[in-house]
1. Post the alpha-carbon centroid distance, the range 14-80 to the range 191-206, in whole angstrom.
2. Could you give the nm distance between label points at His48 and Ile195, where each point is 7 Å from its Cα heading toward the beta carbon?
3. With +1 on the Cβ of every Lys and Arg and -1 on the Cβ of every Asp and Glu, and nothing else charged, how large is the dipole of the range 4-211 about its Cα centre, in debye rounded to the nearest 20?
4. Only Cα pairs within less than 10 Å get springs; with that Gaussian network setup on the chain, which residue of Thr151, Thr136, Thr197 has the largest fluctuation?
5. Here is the link list: Lys114/Lys209; Lys3/Lys74; Lys43/Lys74; Lys162/Lys205. Which ones come out longer than 18 Å on Cα distance?
6. Could you check which residue among Leu132, Leu14, Leu157 shows the biggest mean-square fluctuation in a GNM of the chain with a 10 Å Cα cutoff?
7. For Lys82, which aspartates and glutamates qualify as cross-link partners when the Cα separation must be under 16 Å and same-chain residues fewer than eight apart are set aside?
8. How much of the DSSP beta bridge set in the chain is antiparallel, as a percent to the nearest 5?
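No value in this document is a laboratory result; all are computed from the given coordinates. Given the structure is predicted, the values throughout are model-derived calculations rather than measurements. With ideal geometry, Cβ positions are generated from the backbone for all residues, glycine too; neighbour counts draw on all protein chains shown.
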Amino acid sequence: MPKISVVIPTLWRLKNLERILEAWLFQTPDVWLCDSSEKFETKLPINHVRFSPDQGIPARHAISILAQGDFVIKADDDVLPKSGLIDDFLNYTYLDGIFGIMGRSFHGDRYLGKTKVYRSREISEPAKAGMLGILTFSPRKYLVFDLKGCTSGTEDLWWHMKAFPRVTKYVIPTKNYEQLPESNDERCHFRNPDIRTERQGFYKKYYEKYYKK
């Protein structure tokens, strides 16, 4: 069996974090927490990496390269995995690519207006996407790239659209996860208007460079 590592960043979502970490440890022993909260303490057998000041979401990608898994899961700290999730991903590794539970296919230069969203709970077979978010599963060969200039608002787009635009991304079908209520908190990146503007600019630039037909 291949070794699986899990890397999770956290800043303020601490209420359910212990439960999330326990759930990951039930499926793999190699769990890494990129912790910028300066508050969270745990006795769980994880790799607890503390950052002060906060280095943002790109820190999880840097740590993913340190992790020793043959495949690395990068997961948001509002996702509770259920039994069988890792096995669900392994079932599709015969396909060469990066995998996730949510993705967007590209159909124009507007990130929110011209992309189609796929979610694992809503599909019955793998769906090809241009980018993935929330939780990704990747072989090591698609993890190495230069993070200089990468921001918290564009980390996923940077990885999928700039670093590896030609690698196929798939949303896989699975119901073995739960996105917790804190995913709708007003502090989430997705709800920040400045980050939305930043993402649109980044998306448009690399859509026109690599994807526009």
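1. So the separation of the two Cα centres works out to 26 Å.
2. Inter-label distance under the simple model: 2.5 nm.
3. On the way: 30 positive and 27 negative charges, 155 e Å.
The calculation lands at about 740 debye.
4. Taking springs between Cα atoms under 10 Å, the residue moving most is Thr197.
5. Working: Lys114/Lys209 16 Å; Lys3/Lys74 14 Å; Lys43/Lys74 22 Å; Lys162/Lys205 10 Å.
Exceeds cut-off: Lys43/Lys74.
6. Leu14
7. Output for Lys82: Glu18, Glu22, Glu178.
8. Counting DSSP beta bridges with both partners in the chain, the antiparallel share is about 55 percent.
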